[in-house]
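Report on the structure given below.
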Amino acid sequence: MKLVFAGTPEVAVPALDALLASDRHEVAAVVTRPDAPAGRGRRLVASPVAQRAEEAGIEVLKPVKPRDEDFLARLREIAPDCCPVVAYGALLPKAALDIPSSGWVNLHFSLLPAWRGAAPVQHAILAGDEMTGASTFQIEEGLDSGPVYGVITEHVRPSDTSGDLLTRLAFAGAGLLAATMDGIEDGTLKAVRQPADGITLAPKITVEDAHVDWRAPALRVDRVVRGCTPAPGAWTVFRGERLKLVNATLVQDRSDLAPGELAAGKNNVYAGTGSHAVELLWVQPQGKKPMRAADWARGVRIAPGERLGPV
């Protein structure tokens, strides 16, 4: 089939690479979000998908909005058979959905109908799911509600951050998306309506969602740190300044600390929760680079009974 691939962040690049490597399909163009400011200089930078497409010599379309008539006209000229999508980042109007004969097919990083929305991997970790996966489905005007072509499953490991899990799903899902294109082309794959039960929503994680509540049980604190890493980044407050929690781990042998209370040894830093303590492994003070929690603790000289908070 002739394909137009839509995607924006780094997590979409493995799927684009899988389709470029296919000998059954032609990626005629990619659609991505416009260049965005990045870095300290805030200069405009093309998306990872745009950069990969330019390396491959593929036309890149960057509509401000996918309902822009110039974009729709160019898409009609290309006349794709199908438009595979991975984390494009904008809602597609019906005028765009109607152009490819086989529609737009999204690779979504959950086992639909679970975790429909912008942050399925983060919510899976926050909820303590032991199993997740990826689904390919036909895009319709509802939120991730279209019929499903195929799924893969993936175990959530106890130490997984959302970044770890998303990376594995991006590569495994790339193969699923390529296989879905093959099945649509040869007519062996039919989409199946999602069940009406089991629907959960995964809205974007906000900075406030990533604020650690030290009164919560240790298991919840651990999930917030892992689920919000790398973005938006779990955080707390220490001496009136924000402290990002880059990495922490559960421990079972300390329950003597009040919520948020710190205890620092030579090589370990513990923080109390609503149950037992967690060990802080890496932190990032405001305006500084990530550092080992033990090094941070030595530098700030934690006083007895001092707490992270507000608690």
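Quick check: anything in region 241-252 at negative phi and part of a loop (DSSP other than H, G, I, E, B)? For region 241-252, residues at negative phi and part of a loop (DSSP other than H, G, I, E, B): present. Would you pick out the residues in region 246-263 that are under 11 Å from Glu279 (Cα atoms) and buried (at least 18 other Cβ atoms within 10 Å of the Cβ)? Those that are under 11 Å from Glu279 (Cα atoms) and buried (at least 18 other Cβ atoms within 10 Å of the Cβ): Asn247, Ala248, Leu262, Ala263.
Take the residues of region 236-245 that are open to solvent by less than 20 Å² (accessible area, probe 1.4 Å) and not β-branched (Val, Ile, Thr): which is farthest from Ala202 (Cα to Cα)?
Initially, region 236-245 is screened for residues open to solvent by less than 20 Å² (accessible area, probe 1.4 Å), giving 236, 238, 243, 245.
If we keep only those that are not β-branched (Val, Ile, Thr) too, we end up with 238, 243, 245.
Values: Phe238: 30, Leu243: 26, Leu245: 22 Å.
Per the criteria, the residue is Phe238.
The single condition among (1) in contact with an Asp or Glu (Cβ under 9 Å, 6 or more places away or on another chain); (2) under 30 Å from Pro232 (Cβ atoms) that Leu3 does not meet is (2). No other residue among Asp81, Asp23 is under 26 Å from Ala172 (Cα atoms), open to solvent by 50 Å² or more (accessible area, probe 1.4 Å) and touching a residue at least 40 places away in the same chain (Cβ under 8 Å) apart from Asp81. In region 42-56, the residue that is farthest from Asp182 (Cα to Cα) out of those that are open to solvent by less than 70 Å² (accessible area, probe 1.4 Å) and out of contact with any Phe, Trp or Tyr (no Cβ under 9 Å at 6 or more places or on another chain) is Val45. In region 199-223, which residues are β-branched (Val, Ile, Thr), touching a helix residue (DSSP H, G or I) at 6+ places or on another chain (Cβ under 8 Å) and within 19 Å of Thr132 (Cα to Cα)? Scanning region 199-223 gives Thr200, Ile205.
Residue-level analysis places Gln122 among those that are open to solvent by 20 Å² or more (accessible area, probe 1.4 Å) and within 12 Å of the chain's Cα centre (by Cα). May I ask you to list the residues in region 207-235 that are within 12 Å of the chain's Cα centre (by Cα) and open to solvent by less than 10 Å² (accessible area, probe 1.4 Å)? Selection gives Gly227, Cys228.
Inspect all residues belonging to region 142-154 and state whether any of them is open to solvent by 50 Å² or more (accessible area, probe 1.4 Å), at pLDDT 95 or above and not in a helix (DSSP H, G or I). Yes, region 142-154 has at least one match.
Annotation note: of Pro285, Pro304, Pro290, the sole residue that is open to solvent by 50 Å² or more (accessible area, probe 1.4 Å) and touching a residue at least 24 places away in the same chain (Cβ under 8 Å) is Pro290.
For Pro147, the stated conditions do not hold, so it cannot be described as touching a residue at least 24 places away in the same chain (Cβ under 8 Å), farther than 22 Å from Asp197 by Cβ and not β-branched (Val, Ile, Thr). If you check Ala179, Ala196 for being outside any helix (DSSP H, G or I), open to solvent by 40 Å² or more (accessible area, probe 1.4 Å), small (Gly, Ala, Ser) and out of contact with any helix residue (DSSP H, G or I) (no Cβ under 7 Å at 6 or more places or on another chain), only one passes: Ala196. From the list Ala36, Ala15, the one residue that fits, being at pLDDT 95 or above and either open to solvent by 70 Å² or more (accessible area, probe 1.4 Å) or aliphatic (A, V, I, L, M) (or both), is Ala15. Within region 182-193, the set of residues being within 17 Å of Ala15 (Cβ to Cβ) and open to solvent by 60 Å² or more (accessible area, probe 1.4 Å) comprises Glu185 only.
One residue alone among Ser101, Ser135 is assigned to a loop (DSSP other than H, G, I, E, B), on the phi < 0 side of the Ramachandran plot and out of contact with any Lys or Arg (no Cβ under 9 Å at 6 or more places or on another chain), and that residue is Ser101.
Looking at region 93-113 only, could you name the residues that are in contact (Cβ under 8 Å) with a residue 60 or more places away in the chain and open to solvent by 30 Å² or more (accessible area, probe 1.4 Å)?
Taking region 93-113 as the starting set, the residues that turn out to be in contact (Cβ under 8 Å) with a residue 60 or more places away in the chain are 100, 102, 104-105, 107, 109-110, 112-113.
Of everything in region 93-113, just one residue is in contact (Cβ under 8 Å) with a residue 60 or more places away in the chain and open to solvent by 30 Å² or more (accessible area, probe 1.4 Å), namely Ser102.
Within region 143-177, being under 24 Å from Ser102 (Cα atoms), of a type in the set (Gly, Ala, Ser) and in contact with a Lys or Arg (Cβ under 9 Å, 6 or more places away or on another chain) holds for Ser145, Gly146.
The values are calculated or read from the model by the stated rules, or taken from the named source; none is laboratory data. Bear in mind the structure is a predicted one, so any value in this text is a computation, not a measurement. Cβ sites come from the backbone with ideal geometry, for glycine too, and all protein chains shown count toward neighbours. The protein model used for the area step is the full one, side chains on, heavy atoms only, and it has no ligands, DNA or RNA in it. Shrake-Rupley method; radii C 1.70, N 1.55, O 1.52, S 1.80 Å.
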